Amino acid sequence: MAGSTPLVLSASSQQGIIKFFTSCAAMMTQTWDMRSAFQAIDTEYMREGNRTEAHIRAVLSNAIGDKTRLQDLTVPVVMPQVETALSYLAGVFLSGHPIFGMVANAENMDAAIQMETIIEENARRNAWIREFILWLRDGLKYNLHCLEVSWQRKTIYQPITAIGKVGATKETLWQGNTIKRIDMYNAFFDTRVAPAEIHSEGEFAGYSELYSRMRLKRFFQDLPDNSGMNATSAFESMYNDNPAWPFFFTPLINPNALLRFDPRASTDWLAWASAEASTGKIRYNNLYIKTTLYARIIPSDYNMKVPAQNTPQIWKFIIINGNVLAYAERQTDAHNNLPMVFGQPLEDGLNYQTKSFASNGIAFQDMASALWASKLASERRSVGDRVLYNPLLINEKDINSANPSAKIPVRPAAYGRNLQESVYAFPFNNQNQSMLLSEAQQIVQMANNVAGQNLPSQGQFQKGNKTLHEFQTTMQNGNNREQMMALFIEAQSMTPIK
């Protein structure tokens, strides 16, 4: 649990914090374009990297019912490996009940049980399992993931069981520990330190979220003791992307997604709200970008009148639309860490240069897909072989008929002539077709070797007469790499969170 001390800052202090935030966000573009790297990995993970004209035409033809067109298949390598490793890691960290168990001697057993009960209630209310699974998948895909561990306040409603008050509720302020997976596309952090040390040695870390008008209203409502700042300015502020580093980014990966538009293109609430709602004093907007920033600062640098203002302190700032400071809170915790915990499941000392678990399989997926494409090209050639024909003897429409059994009439000029003079077929031999499939399978096996997986670990049958002991040894060896990742995750993230 982290203590907190909210504070209303002066105008000059607010301007200094906004300037600090802008510098932190711009720092991401001065190092690497991480968003493009994340998007490239997600494209391979979802097998949506093939955007060639031939493939898209085949997809569209299949969509309208023409099943004779062959799409260029992308051999699934990255996604099966990631999901197999994710299943193992989820079993290691999330199969216990509760997730974080307490250990105590006999004298303190009651206190330990009470603590476990509180942790379990916090986990259920805030869906920790979902957040952890998303977080683990991020680590496997990007080799970089982050969890926010914070003390939150939420307004909840509890039923009243008194006589005569059937169905009535009362408003209650809930407080507890929350764990939230951070979307890496919209996170920014101090890249001068190793990812696993950002929470302990980094100067800042933060993330942006998309908020509706009602959600922003609830945010201000849940703040303690009316400690929010500039509520009216926040509601009236306009979202304006920074060209160098947009505060909120949504990748477009799946062309067949259920929603194909930018989520920022929201419905105008004034178009359907009542006339009375649109005549209020506050000029609301449709969407807002809420940015949470955790930073180690020296308060005197920003003219903040607080105790020990010349000593480095950890502060939490909430910024709306990149230009309005809505909340400031000092983190008076005992561990002196930023509440955002970063980690790398694969760590070799190269920090951000280390390839992710998914990236290790991309080259093999591309190579296996290329071999399959060669096989499909051979199939297309065998179905629609290219020929030379004499247009004086054969009509173009007849020889290019889509009906494979259609008869081809010859023109009168061909009467009395050898019909073999009308058409010449290029010699074609596809005897290496079966070898392409075998080579593609070998490439997939090489990818599994790099990932440290085998067929049984992916739920596939593998030939061979093995005793139970031999099979268990094979499966144990197949989990060695994943066990190493689990050890890194435990040391980098789970221990600080606990």
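Could you work out how far apart the two model spin labels at A370 and I160 are, taking each label as a point 7 Å from the Cα in the direction of the beta carbon, and quote it in nm?
7.2 nm
Figure the gain on full extension for N390 and D301 (residue separation times 0.36 nm, minus the Cα-Cα span) and round it to one decimal in nm. Present the calculation step by step, with values, prior to reporting the outcome.
On the way: separation 89, 0.36 × 89 = 32.04 nm, distance 8.54 nm.
Contour length minus Cα-Cα distance gives 23.5 nm.
If you rank Y239, Y207, Y45 by how much accessible surface each has, with a 1.4 Å probe, what is the order from largest down? Display every interim value, and only then the final one.
Working: Y239 70, Y207 10, Y45 35 Å².
Ranked list, largest accessible area first: Y239, Y45, Y207.
For segment 50-171, what is the accessible area per residue in Å², given a 1.4 Å probe and the full set of protein chains?
58 Å²
Enter the mean projected area of the convex hull around the alpha-carbon atoms of segment 41-196, in nm², rounded to one decimal.
17.8 nm²
Net charge within 13 Å of L487 by Cβ-Cβ distance, Lys/Arg positive one each and Asp/Glu negative one each, not counting L487 itself?
-2
Which value, in Å to one decimal place, does the Kirkwood hydrodynamic radius take for segment 3-102 when every pair of different Cα atoms is included? Please report the intermediate quantities before stating the final value.
On the way: mean 1/r = 0.0513 Å⁻¹.
Taking the inverse mean of 1/r over all distinct Cα pairs, segment 3-102 comes out at 19.5 Å.
Fully extended, how many nm does the chain gain between N108 and I56 (0.36 nm per residue separation, minus their Cα-Cα distance)?
Result: 12.2 nm gained on full extension.
Going from most exposed to least, what order do T68, T292, T117, T250 have by accessible area with a 1.4 Å probe? Show your work: numbers first, answer last.
On the way: T68 110, T292 0, T117 85, T250 50 Å².
So the residues, ranked largest to smallest area, are T68, T117, T250, T292.
When the solvent-accessible surface of protein heavy atoms is calculated with a 1.4 angstrom probe, in what order do T155, T232 fall, highest first?
Output order, biggest surface exposure first: T232, T155.
Among A326, L338, A358, whose Cα lies farthest out toward the positive end of the dipole of segment 284-407, if unit charges sit on the beta carbon of Lys, Arg (+1) and Asp, Glu (-1)?
Farthest towards the positive pole: A326.
For K355, what accessible surface area do you get with a 1.4 Å probe? Give it in Å², rounded to 10.
130 Å²
The values are calculated or read from the model by the stated rules, or taken from the named source; none is laboratory data. Everything numeric here is computed off the predicted structure, so don't read it as measured data. When we count neighbours, we look across all protein chains shown, and the Cβ atoms used for this are built from the backbone with ideal geometry, even at glycine. Side chains are part of the model used for accessible areas, which takes the heavy atoms of the whole protein and leaves out ligands, DNA and RNA. Shrake-Rupley method; radii C 1.70, N 1.55, O 1.52, S 1.80 Å.
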